[in-house]
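First up is the structure itself, then whatever we jot down about it.
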Amino acid sequence: MPALTAIPEMDLWTRWKERGDESAREELIVRHMRIVKFIAGRMAIHVPSSVEMDDLIGWGVLGLLDAIDRYDHRQDIKFTTYASIRVRGSIIDQIRTLDWAPRSLRAMARKLGEARDKLRHELGREPTADAIAGVLGTTIEHVEDTVAQLQTAQVLSLQDYVASEDGGEPQLLDVMSDPRASSPDAAMTERERQERIVQAINGLPDPQQKVLHLYYYKELTLKEIGAVLEVTESRVCQIHSAAMKTLRKAVRGDT
């Protein structure tokens with residue numbers, strides 16, 4: 001019997017899929033590890049330094065295993081294409097679980113999430129900002145401001161490395177959808193809101209975009225941003241406030 005390394009790949013797929021040959025599966029994993037290393041290497045350039053290359057590879061391997069188990073070798077699609085989607089998706093899913101928001105937002109974000117989940121359970125639908133504000137004992141404006149800031153942080157952190165399959169423009173909305181959305185309508189509403197956020201950020205003046213990037217992605221304080229941009233801290237605060245005013249309108253859907 002020839003060594004597994006000498007067996008044509010289609011024969012390996014037949015042995016694994018039709019006979020349940022675990023040794024064939026292991027050989028397929030070894031042969032396609034290069035996909036994981038390639039994608040992890042490209043994404044490592046753009047993620048924060050706190051994310052280790054070994055983490056990216058580990059998350060990618062989970063996607064590769066899933067791809068090997070789900071792939072239908074009888075279909076007219078290359079495994080490398082199919083696996084690349086699964087590997088990239090697995091890494092992105094894990095990155096999404098990381099906390100990108102500045103510390104000042106995290107406590108409020110947790111409270112907002114708890115209130116949102118509580119109301120979803122009680123109402124059986126997606127709660128309004130007014131209802132969430134009532135549970136938290138705050139204003140609608142405060143809730144909308146928090147949502148805008150959190151989604152801004154997500155956009156600015158994800159858009160640097162989430163690329164489309166053809167290497168074109170980032171497909172932000174594919175990875176930012178709320179996985180807990182209670183219905184297709186709620187998911188569509190969330191998707192539309194996120195699209196408005198992306199468009200609003202792209203339309204901001206350059207100074208406002210710089211401040212948002214430094215505050216939400218680089219996690220600098222307003223004072224530190226002032227030093228970088230060579231303006232006063234109060235001026236940075238004004239720029240940030242102007243940007244958030246625009247983004248709050250995007251969250252509400254105002255024109």
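The values are calculated or read from the model by the stated rules, or taken from the named source; none is laboratory data. Source: prediction; values computed, not measured. Positions of Cβ are generated from backbone atoms using ideal geometry, with glycine treated the same way; all protein chains shown enter the neighbour counts.
Residues in region 117-128 that are free of Cβ contacts under 8 Å to residues at least 60 places away in the same chain and touching a helix residue (DSSP H, G or I) at 6+ places or on another chain (Cβ under 7 Å) were compared, and the one that is farthest from ARG248 (Cα to Cα) is LYS118.
Residues in region 200-244 that are under 17 Å from ALA148 (Cα atoms), modelled with pLDDT of 85 or more, hydrophobic (A, V, I, L, M, F, W, C) and in contact with a Leu (Cβ under 7 Å, 6 or more places away or on another chain): CYS237, ALA243. If a residue has to be surrounded by 14 or more Cβ atoms within 10 Å (Cβ to Cβ), in contact (Cβ under 8 Å) with a residue 12 or more places away in the chain and more than 34 Å from the chain's Cα centre (by Cα) to count, how many in region 6-33 make the cut? Final tally of qualifying residues: 3.
Just one residue in the set ASP174, ASP254 is modelled with pLDDT under 65 and under 30 Å from GLY89 (Cβ atoms); that residue is ASP174.
For first residues located in region 42-54 and assigned by TED's automatic domain parsing to the domain that holds SER84 and closer than 22 Å to LEU220 by Cα, partners that are aromatic (Phe, Trp, Tyr) and modelled with pLDDT under 65 and lie 6+ apart or on another chain with Cβ distances below 8 Å form the pairs ILE45/TYR161; HIS46/TYR161; VAL47/TYR161.
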